[in-house]
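Notes for the one structure printed next.
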Amino acid sequence: MIKLEHVSKLYQEGVPALDDVSINIEKGEFVFIMGKSGSGKSTLIKLLLKELTPTEGEIYISGKKLSKINHKAIPNFRRNIGVVFQNFRLLQDRNVYENVAFAMKVVEAPTREIKKRVPLMLSLVNLAAKYKSLPRQLSGGEQQRVAIARALVNEPEILLADEPTGNLDDTNAWEIMRLLEEINERGTTVVVVTHNAEIVRKMNKRVIYIKRGQVVGDGKWGDISEI
Amino acid sequence: MTSVRFSTITYNIGQGFKNIWRNKLFSLASIATMTACIFLLGLFYSIGANFSEMVHTAEEGVAVTVFFDAGITQEQIDNIGNEIKKRGEVRDVKFVSAEEAWDSFKVEYFKGREELAEGFVNDNPLANQANYEIYLNDVSMQSSLVTYLESLDGVRQVNQSEVVAETLSDVNKLISLIFVSFIIILIAIAIFLISNTITTGIAVRKEEIAIMKLIGAKDSFVRAPFIVEGIAIGLIGSIIPLVILLFMYKSVMVYVTEKFIFLTNFLTFIPVHEIFEVLVPLALILGIGIGYIGSRMTLKKHLKV
């Protein structure tokens with residue numbers, strides 16, 4: 001599903017953000033990408049979304065070679081990847097329903113499809129009753145659930161979550177992790193970027209550990225916790 | 001070819017108008033400038049068109065007069081007439097015989113004392129004054145025509161109203177020059193202001209645009225609301241001045257016609273429908289065009305999608 005072959009990304013400063021990274025994530029996997037800030041996690045997310053181009057190496061997503069996707073084809077490519085951010089990035093002037101519907105409008109989905117899918121997604125994230133609320137009227141956990149609904153409403157094959165629990169307390173963080181696990185069980189490949197060791201340990205999923213731009217560990221928590 | 005959904009079109013139009021609303025102050029400034037621009041264009045056009053019409057009417061009265069050598073035959077005169085008629089700049093050629101010249105002179109000179117002219121019944125003082133009155137399409141061509149006429153065999157003298165011709169021609173050119181320069185400056189200001197409005201709109205919606213791009217919005221979808229915004233500003237900014245101009249033009253016409261009756265002989269207005277037949281499409285095309293160009297230019301510069 002996601003394959004990186006000897007990928008390096010060098011910014012102008014000269015220090016590589018990613019250095020010869022090779023990763024293979026299968027369809028339906030739940031994977032944590034762990035590392036301290038500045039380790040290259042954000043660069044990896046940007047490369048996967050084709051916001052950046054690798055200096056060296058090749059990235060494949062759903063069998064597509066990213067270097068072969070031209071500018072015009074990027075929107076279609078991105079529709080297959082849902083993204084969730086640490087700071088939720090919801091539109092503050094729109095309510096819960098509109099925020100989720102926005103993702104479908106942007107990809108020019110038919111109105112009747114929007115009316116059908118958005119309530120379903122809001123039920124999935126347990127926010128159907130708050131569909132009229134504005135983001136500022138919701139807790140952090142609820143806002144992140146809206147963001148997850150928005151990321152999933154177009155039925156992507158992959159969900160990328162960049163520090164999804166970074167702004168949440170423990171209770172909310174666990175709720176979000178359980179929701180991501182449920183989404184993964186429904187068949188979506190989930191990649192969570194985090195530095196929260198506690199969550200990674202308890203979830204007991206595959207972890208790819210990045211340090212100074214290099215993959216220094218790949219396996220279950222027990223295998224890499226020594227690093 | 002990909003078709004665009006009706007719901008997408010309405011969504012983007014809605015977003016375009018929301019942009020205007022969110023960004024009220026800048027939008028208002030842009031609409032006001034556009035209104036001023038189109039209003040002045042309309043004003044210049046209305047005044048210019050009416051003045052041109054007056055100049056044109058005056059030009060029609062300006063003629064070059066050609067007198068012939070003594071003893072010339074009517075056949076030779078006819079030949080000269082045919083040669084003159086062939087010239088492109090000549091609109092009309094009127095032959096005035098010696099008798100007609102005398103009749104016309106009599107009416108003006110002996111007005112009220114017609115009996116004094118009777119002494120000349122059989123002795124036309126203007127016997128050698130048969131002439132051609134030549135009317136031009138464009139008075140600026142007058143001097144070259146005069147040179148040509150003077151070179152013709154059988155032509156004794158050519159009279160021309162050089163000062164009038166040159167003045168009228170120069171005034172016309174000057175008006176056109178001021179008109180064009182002013183409009184160009186105003187268009188530049190309008191494009192600049194619309195561009196500023198769109199730039200602010202992009203800054204305000206920066207986060208929304210970033211999310212749209214990550215979700216998978218096409219470039220055209222991201223750009224569309226801003227294009228709608230620019231066009232809407234242009235459209236509103238051209239409809240307002242058109243309405244103002246319509247009322248103003250009608251009022252001025254009525255006012256001048258009622259208050260300055262003595263002027264109506266030479267101060268005739270072009271009818272409202274004739275002015276607005278040109279002005280409405282001109283203003284709309286210009287308004288929409290400026291709006292489109294202003295937003296398009298800005299998007300190219302500030303919205304890398």
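Only the coordinates and a few stated rules stand behind these numbers; no lab work does. The structure displayed is predicted, hence computed values, not measured ones. Using ideal geometry, Cβ is built from the backbone for each residue, glycine included, and neighbour counts are taken over all protein chains shown.
Label separation (B:Lys94 vs B:Ala36): 4.9 nm, computed from points 7 Å beyond Cα along the C-beta direction.
Listed by chain and number, the aspartates and glutamates whose alpha-carbon sits under 14 Å from that of B:Lys86, ignoring those within fewer than 8 places in the same chain, are B:Asp78.
Each Cα pair under 8 Å and six or more residues apart adds its separation to the average, and for chain A the resulting relative contact order is 28 percent.
For segment A:94-144 versus segment B:77-102, the inter-centroid distance based on Cα atoms is 86 Å.
Note on segment B:167-229 and segment B:268-305: Cα centroid distance 10 Å, given to the nearest whole angstrom. A Förster distance of 22 Å, applied to the separation of the beta-carbon atoms of A:Asn204 and A:Glu26, puts the FRET efficiency at 0.80. Estimated at 0.36 nm per residue, the fully extended path between B:Ile244 and B:Leu28 surpasses their Cα-Cα distance by 76.0 nm. Compared with the dominant Cα axis of chain A, that is its longest principal axis, helix A:111-124 is turned about 70°. Counted over the protein assembly as shown, the DSSP beta bridges are approximately 65% antiparallel. Taking the helices alone, the protein assembly as shown has a mean residue ellipticity at 222 nm of -18500 deg cm²/dmol, built from -39,500 (n - 2.57) per DSSP H run of at least 4 residues and averaged over all its residues.
Using the alpha-carbon positions of chain A, Rg (one decimal) and Dmax (whole number) come out as 17.5, 52 Å.
Using C-alpha pairs below 8 Å separated by at least 6 residues, the relative contact order for chain B is 32 percent.
Legend: helices of chain B (whole DSSP H runs) are marked when their alpha-carbon atoms reach 18 angstrom or more along the helix axis and their mean Kyte-Doolittle hydropathy is at least -1.0; marked are B:6-22, B:24-61, B:162-204, B:219-259, B:272-302. Here the translational diffusion coefficient of segment B:174-278 follows from Stokes-Einstein with Rh set to the Kirkwood radius across Cα pairs; for 4 °C and 1.567 mPa s it amounts to 72 µm²/s. Ranking B:Thr147, B:Ile194, B:Tyr249 by Cα position along the charge dipole of chain B, where only Lys, Arg, Asp and Glu carry charges on their C-beta atoms, puts B:Ile194 farthest toward the positive end. Inter-chain Cβ neighbour count for B:195-208, averaged per residue, equals 1 (cutoff 10 Å, partner chain atoms only). Each part gets one Cα centre, and for segment A:192-227 versus segment A:13-34 those centres are 12 Å apart.
A compact globular protein would have a Cα radius of gyration near 2.2 N^0.38 Å; the ratio found for chain B is 1.59. Which of the residue pairs A:Lys132/A:Lys202; A:Lys41/A:Lys220; A:Lys46/A:Lys105; B:Lys24/B:Lys301; A:Lys211/B:Lys218 have a Cα-Cα distance greater than 28 Å in the structure shown? A:Lys132/A:Lys202; A:Lys211/B:Lys218, as the Cα separations exceed 28 Å there.
The lysines whose alpha-carbon is closer than 23 Å to the alpha-carbon of B:Lys259, local same-chain residues fewer than 8 away aside, are B:Lys250. Estimated from the Cβ-Cβ distance and a Förster radius of 41 angstrom, the FRET efficiency linking B:Ile189 and A:Asn87 is about 0.55.
At q = 0.07, 0.09 Å⁻¹ the log10 of I(q)/I(0) for the protein assembly as shown amounts to -0.62, -0.80, computed by Debye summation with a single uniform scatterer per C-alpha, solvent ignored.
Measuring gaps between exposed loop sites in chain A (GluC sites (Glu not before Pro); DSSP loop; at most 13 other Cβ atoms within 10 Å), the longest gap, sites not included, is A:27-225. Considering only alpha-carbon pairs that sit under 8 angstrom and 6 or more positions apart, the relative contact order computed for segment A:89-155 is 50 percent. For the pair B:Glu207 and B:Thr268, what calculated FRET efficiency results from E = 1/(1 + (r/R0)^6), where r is the Cβ-Cβ distance and R0 = 51 Å, to the nearest 0.05? In this case the efficiency is close to 0.25.
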